[in-house]
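Encoded as structure tokens, the structure appears first; notes follow it.
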Amino acid sequence: MRLSTLLNSPIGKKLITGITGLGLTFFVLMHMVGNLSMFSGDDAYNEYAHFLASLGPLLYAVEAGLVLFFLAHAVNGFKIWIGKRKARPQAYAVYKSAGGPSMQSSSSRSMIITGIILLVFLVFHLISFKFGPGGPGNADASYLTTVNGVEMRDLARLVREKFALSWYTFGYTAIMLLLVAHLRHGVWSALQSLGAMRPSLSALIHTIGGLLGLGIGLGFIVMPLAIYFGLI
């Protein structure tokens, strides 16, 4: 079987979504850990952001890889959803959680919806922060600071400004709860697609995936809420 044929088959699409999904899960976990540096102070957060920016070509390569992962995950996820719709054009009159081997739940049935919302949010998030004031192509001297004698972007200031807004803070919180739902089923589904777990471990892995998603979601939410309520 040719590689292109395999990748376009149902199994190939699931493999791609599984691999890219786990890769993106690792990325959001690392991103969450970086965000928590805000609790160590604005300087610590700015130094973290400056370190990433100082990676130069390596950062660009990682970002390009992430874009490819996001696109491959989204496109193949959509193709899988279309395939399921064609296989069963008539929706169930009553759709209850199946549990068991299939692990059918509200999280699994809403994967396409949460995925689309998260993708749109990602674009908005990049525009707000990466390409916001002081970012690439948006020079603004008022968003510069000096930490230990090194001039760098004052990203912490922008973060504080954004999360001082009610609509931004609570909108962000709602989106992160959707991320929790997406990861709850996504981690289990990815490992199943890659054949990385025994059937007897299915329920356990599904629980671990849910706890991991919850932990990541809460990790993202705690910093904005702390800023909004004046705790940091």
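Structural remarks
- Of L155, L204, L178, L218, all but one fail to be modelled with pLDDT of 85 or more and over 17 Å from V33 (Cβ atoms); the exception is L178.
- Matching option when the condition is at pLDDT 60 or above, part of a loop (DSSP other than H, G, I, E, B), surrounded by fewer than 12 Cβ atoms within 10 Å (Cβ to Cβ) and on the phi < 0 side of the Ramachandran plot, among P89, P136: P136
- Criterion: outside any loop (DSSP other than H, G, I, E, B), at pLDDT below 95 and crowded, with 18+ Cβ neighbours inside 10 Å - qualifying residue of L126, L118: L118
- Filter result for F131 (part of a helix (DSSP H, G or I) and surrounded by fewer than 16 Cβ atoms within 10 Å (Cβ to Cβ)): no
- Verdict on V28 being under 14 Å from the mean Cα position of the chain (by Cα), assigned to a helix (DSSP H, G or I) and free of Cβ contacts under 8 Å to residues at least 24 places away in the same chain: no
- Qualifying residue in the stretch 198-216 (condition: surrounded by 13 or more Cβ atoms within 10 Å (Cβ to Cβ) and among the charged types (D, E, K, R)): no
The values are calculated or read from the model by the stated rules, or taken from the named source; none is laboratory data. Everything numeric in this text was worked out from a predicted model, so none of it was measured. Note that each Cβ is placed from the backbone with ideal geometry, even for glycine, and that neighbours are counted across all protein chains shown.
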